[in-house]
Amino acid sequence: MDQHGLVERAKRGDHDAFADLVDLTIARLDATARLVLRDRDLARDAVQEALIRAWRDLPGLRDPDRFDAWLHRLTVNACLDLARHRRRRPVEVELIPTDAPATRDLSHDLAQHDLLDRALRDLDPAHRAVVALHYLLGMPLQEVAGALDIPIGTVKSRLHYSLASMRATVLADREPGQAPEPVRGGQLA
Amino acid sequence: MTSRSRFEQELPDLLADLLIEPIPYYRDSVVQQTAHMRQRPAWTLPERWIPMSVITLGRMTGRTVPWRTVGLLALLAALLAVGLAAYVGSRPRVPAPFGLAANGSFAYATSAGDIYAGDPITGKSVAIATGPEFDSAPMYSPDGRQLAFLRTTTGGYDLVVAAADGSNVRAIGQAPLLEADKWGIQWTPDSSGIVVNSFTNDDVRRYDVSGKTAPRILVTNAHVDPGAFRPPLGDQFVFIRDSTDGSSLFVADADGSGPRELLHFATGDVAGDGLRPSWSPDGTRLAFLKLRGGDANQARIDIMAADGTGSAHELTNEPGLVYENHIKWSPDGTRIAFQRWDNSSGQARIMPLGIQPLDGGSLVDAGPDLGAYGTEFGWSPDGSILWEIPGEPGSHHVLIDPQRGTWKDLVFPDPGGGSSWQRLAR
């Protein structure tokens, strides 16, 4: 499907075209929201809100090629709003998928997933948001800054902190016997 | 390729593997909802070029001076001042918020989530906050009368304040603090408030420990590092503001008004840990981190005049690829203690703490060799001791002679979650 064409049609009120756009994007949006919020129900709420706003405000999008970045921005901002205002929940939901394909090494994959899930849990929503936009959605740093309305320097510092924190958790388990790296200071390259 | 760079390259696939699932079940619901919604006309959606900030203008109004009211208020103020002087004179003295003070109790959190106050001489300790809650990061107020700490709760941490003896425990603030917000928490110099970074909101806010006023945002698009308030009055604070081309040090009045840029650093000069500005105890100098030659493996502590005049100079001339961090001025302002890593071999190796006299004397290697976890450290209020606790699980405190770098053990039961030394009047 030609996304540019779909956006142009959806802008003019073609709801079938919008439904196709939803199909193209909703899995990644859902993944992004679950990364930031760590709660499936809240993630659903955030993605629904973002897509509803996207449909409603789509006529105002001047450049159809900016659709993905715009939609990602709506989603992440919806997530951060929910994170700020949500009621306290007693249990934080783990993200480990339960239906891994049978052809893979399940024990290794689940161990990796568990480590990464733990590493993400140690970050707050603002840090998970930059991780989601840059590493999951592949947005360049400048676009991440624009999506979150923060300076690129702040994006860099949050990514640096997030990466160091996740690395410390994940690599410490991968390489037993090797001392974990300090989260602050030390080698940066 | 190092394991670290391989991790970053693999991260997108790892995240996708962990998170991407088939079309969510609520897809149909979204499509149905939007099918019944009208789109907004394009002319009602201006392009996003209008600045988000709202500029408010104050108005000056001409008024005549109500001299009678002024006179009555002046008389009332004089009477209150006399009464206050009599009251204050009857209370125990408190130390000035900056500089040398007498050593009081040593508060620490255990790995089990309790807070104790220990005697650094005898090693004995008394319970301050015990119970089912998980408490950490104790922090005495500058006047030594109160103790703040963090209480783990669902979603983050509550900021809790108690009297120094552990009585009158109360949570302050509204929403739980997040993990990243823990960095930079500090008392205001007058011990009436606690300043916190809100990384989610990208602002710095002040919490009133009496609970009588709501938290107030001081500056936005900013964060502070510990030691932000400027001695000797504490009427200014330094904060960091990141921009598209680097980071800047700003100074503002204690209420957040009148922010003005002090120094700007291009992105290539900013260490990964940020600028970490820290005032000298007399407020005349500012120390901060800067990359040497733009090399990410070499961060050096620079010192400059606090008013931004003159040029900055490096604190040490230690050879090699050294990454200095965590600037701690001695209370008398004659030395700086800091953490450092040696990156010369291509693998970061943490070194013992460094203490550099500011009169040009030799750098002192202080304390034991450290593991890979880094360390927490600080000066005693009277400046005679440097305390330290390595981050490696199972470690205990040590007390370091800052002149010679030698140390002795200070074994409190099960330390592990933060420490703070109480300041008392001399």
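The numbers here are math on the coordinates, done by the rules we state, and not lab data. All figures in this text were calculated on a predicted structure; none of them were measured in a lab. All Cβ positions, glycine included, derive from the backbone under ideal geometry; neighbour counts span all protein chains shown.
A few remarks follow.
- Amide H contacts under 5 Å for B:HIS397, placed H, 5+ residues apart: B:LEU410, B:PHE412
- Helix screen, chain B: DSSP H segments with Cα axial length of 30 Å or more and mean Kyte-Doolittle hydropathy at least -1.0 are B:67-89.
- Vicinal HN-Hα couplings computed from phi for segment B:387-400 (Karplus, 6.51 cos²θ - 1.76 cosθ + 1.60; Hz; Gly/Pro x): 9, 8, 9, x, x, 5, x, x, 6, 10, 5, 10, 10, 10
- The mean number of partner chain beta-carbon atoms within 10 angstrom of a residue's beta-carbon across peptide A:51-59 is 5.
- Think of chain B as having a plus end and a minus end, set by charges on the Cβ of Lys, Arg, Asp and Glu; of B:GLY71, B:MET139, B:PRO368, B:GLY71 sits farthest toward the positive end of this dipole.
- Gyration tensor over the Cα atoms of segment B:204-311: the corresponding equivalent ellipsoid has semi-axes (square roots of 5 times the eigenvalues, largest first) of 26, 16, 12 Å.
- Net charge dipole size for segment A:1-87 [Lys, Arg +1 and Asp, Glu -1 on Cβ; Debye, nearest 20]: 480
- Cα gyration tensor shape for segment B:89-238, rounded if a/c is under 1.5, else prolate or oblate: oblate
- Cα shape, segment B:84-424, gyration tensor, a/c 1.5 rule: rounded
- Ordering of B:137-147, B:27-37 by packing is B:137-147, B:27-37, highest average first (other Cβ atoms within 10 Å, averaged per residue).
- Gyration tensor verdict on segment B:306-397 (Cα atoms; rounded if a/c is under 1.5, prolate if a/b is larger than b/c, oblate otherwise): oblate
- Between B:VAL270 and B:LEU291, the built amide H atoms are under 5 Å apart, and every one of these is 5 or more places off in sequence or on another chain.
- Listed values for segment B:197-210 are Karplus-derived 3J(HN,Hα) couplings in whole Hz (6.51 cos²θ - 1.76 cosθ + 1.60, θ = phi - 60°), namely 7, 10, 6, 5, 8, 6, 9, 10, 10, 10, 9, 7, 6, 6, and x replaces Gly and Pro.
- Here's how it looks for B:SER344: its modeled amide H is under 5 Å from those of B:LEU321, which are all 5 or more places away or on a different chain.
- Residues A:ASP14 and B:SER210, FRET efficiency given R0 of 60 Å [Cβ-Cβ distance, rounded to 0.05]: 0.50
- Cα centroid separation, segment B:329-364 to segment A:143-160: 32 Å.
- Value of [θ]222 nm, deg cm²/dmol, for the protein assembly as shown, DSSP H segments ≥ 4, -39500 (n - 2.57) each, nearest 500: -9000 deg cm²/dmol
- Peptide B:247-255 shows a mean partner chain C-beta count of 1 within 10 Å per residue C-beta.
- Length gained on full extension, B:ARG260 to B:ARG145, computed as 0.36 nm times the residue gap minus the Cα-Cα distance: 38.1 nm.
- Stretching B:SER384 away from B:LEU73 to a fully extended chain increases their span by 107.2 nm, per 0.36 nm per residue minus the current alpha-carbon distance.
- Gaussian network model of chain B, Cα within-10 Å springs - most flexible of B:PRO415, B:PRO319, B:PRO22: B:PRO22
- Leading residue at positive end of dipole, the protein assembly as shown (Cβ point charges), from B:GLY118, A:LEU6, B:ALA164: B:ALA164
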